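The values are calculated or read from the model by the stated rules, or taken from the named source; none is laboratory data. Here the structure is a predicted model, which is why all the values come from computation and not from measurement. Here the Cβ is made from the backbone with ideal geometry for all residues, glycine too, and neighbour counts use every protein chain on show. The accessibility values were calculated without ligands, DNA or RNA, using every heavy atom of the protein model including side chains. Shrake-Rupley method; radii C 1.70, N 1.55, O 1.52, S 1.80 Å.
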Amino acid sequence: MDFKKVLAAFLVVFVAVDIFLGVQWVQEYPFSDNRTTDQQILDEMSDDGISYGKLSQTRHTGSYLAGKSGKQELANQQKELKSGWQSLFSDDQLVVIPATDVQLGTDEDSDRLALDKLVAKDNRVIKGDEYQYSQKMTELVRAKENTSAKLYAYVEKVPSDNHNLVTSQAQIVFEVDSKHRLQKYEQQYVNQLQFLRDDMQLISEKQALINLYQYNELPNNSTVKLSKLGYAPLTTVKDDIIFIPVWQFLVETSNKETTLITVNAINGSIMK
């Protein structure tokens, strides 16, 4: 037997088997995947039936913020409200009820324009010039409250920052009936807002949503109805309320239940 011929035949078979196995491996486990890790996660979310809109990859800046309860400030100015308007406190919340029904508009747009004018009047809303209408916060309060009345949310503005406070502690919610008449409003206020340190770069909306998924906070077949970047309370130190930048997501499950989930926009952790 020619040993060289046997060796050559063995090498040919060995190479052929290697090639065959290599092809099978590549087909089963491709060496290259042009998708990014983030895109792979988004694809997994899609496979799990999780729906969301266009996600921004913009990274805003923000910082820690401190303020104090503004209950006393509101109490000090109660007497400035229009004569006949009833006002009383429920915990830290000022509830104001007009003496008579206040006709606003004929639809949601005209209601809001009328509320803008109302908020600007010192004898109707205390410190109204420090609040502004928020469509997203309006959607949030409507989703949270089980009422047939229309609710409109105005949020307290943060000095020298493009993002508002996203908490009921700094919010006015107007309740309007089906005939577009103002029934009442509830107001809370944060006083003496100030930044505690220089701005930091925050995570993007896209990264915040990916974090939610990776922490198993997004149920299968759910829908992300809206998202909002703003300042939410983190803790209280003595008399100071400490706020941090957050991403908030309103998530609707397959059985139509909604929940608000908050992500720390500095480190990406889930806030409970």
Ranking 264, 45, 244 by how far each Cα lies towards the positive end of the charge dipole of the chain (+1 on Lys and Arg Cβ, -1 on Asp and Glu Cβ), the top one is 244
Per residue of segment 110-122, in order, report the coupling 6.51 cos²θ - 1.76 cosθ + 1.60 (Karplus, θ = phi - 60°) as ³J(HN,Hα) in whole Hz, putting x for Gly and Pro.
6, 4, 5, 4, 5, 5, 4, 5, 5, 4, 6, 8, 4
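May I ask you to rank 110, 227 by accessible area, largest first, using a 1.4 Å probe over the protein chains only? Mind showing how you got there, number by number?
Details: 110 35, 227 10 Å².
I get 110, 227, largest accessible area first.
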About its Cα centre, segment 32-144 carries a charge dipole, from +1 on Lys and Arg Cβ atoms and -1 on Asp and Glu Cβ atoms, whose size in debye to the nearest 20 is 640 debye
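Shape call for segment 99-186 from the C-alpha gyration tensor, a ≥ b ≥ c root eigenvalues: rounded (a/c under 1.5), prolate (a/b greater than b/c) or oblate?
Working: a/c = 1.88, a/b = 1.30, b/c = 1.44.
The shape class here is oblate.
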Sorting 168, 222 on solvent-accessible surface, 1.4 Å probe, most exposed first, gives 168, 222
Can you quote the Å³ per residue value for the convex hull of the Cα atoms in segment 183-244, rounded to an integer?
171 Å³
Calculate one ³J(HN,Hα) per residue across segment 198-214 by plugging θ = phi - 60° into the Karplus curve 6.51 cos²θ - 1.76 cosθ + 1.60, and present them in order as whole Hz with x for glycine and proline.
5, 4, 10, 7, 9, 6, 7, 4, 4, 5, 5, 5, 4, 4, 4, 5, 5
Could you work out the local net charge near residue 80, counting Lys and Arg as +1, Asp and Glu as -1, over the other residues with Cβ closer than 11 Å to its Cβ?
+4
Keeping all protein chains in position, work out how much accessible area residue 89 exposes to a 1.4 Å probe, and write it in Å² to the nearest 10.
60 Å²
Pairwise label distance in nanometres, residue 260 with residue 83, each label 7 Å out on the Cα-Cβ vector:
3.8 nm
What list of ³J(HN,Hα) values in whole Hz, one per residue of segment 76-84 in order, does the Karplus curve 6.51 cos²θ - 1.76 cosθ + 1.60 (θ = phi - 60°) give from phi, with Gly and Pro shown as x?
5, 10, 3, 5, 7, 5, 3, 4, x
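How high is the relative contact order of the chain, in percent, counting Cα pairs under 8 Å that sit 6 or more residues apart? Please list the in-between numbers first.
On the way: 461 pairs, mean separation 61.3, N = 272.
Reported relative contact order: 23 percent.
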With every protein chain left in place and a probe of 1.4 Å, what is the accessible surface of residue 124, to the nearest 10 Å²?
40 Å²
At a 1.4 Å probe radius, which order do 272, 71, 144 fall into by accessible area, largest first?
272, 144, 71
Cut-off under 5 Å, modelled amide H: who pairs with residue 59 long-range:
none
Amide H partners (placed H, <5 Å) of residue 64, local residues excluded:
196, 197
Rounded if a/c is under 1.5, else prolate if a/b is larger than b/c, else oblate: which is segment 148-272, with a ≥ b ≥ c the root eigenvalues of its Cα gyration tensor?
oblate
Go ahead and collect, in residue order, the members of segment 188-229 whose backbone nitrogen is under 15 Å from a label point 7 Å along the Cα-Cβ direction of residue 109.
none
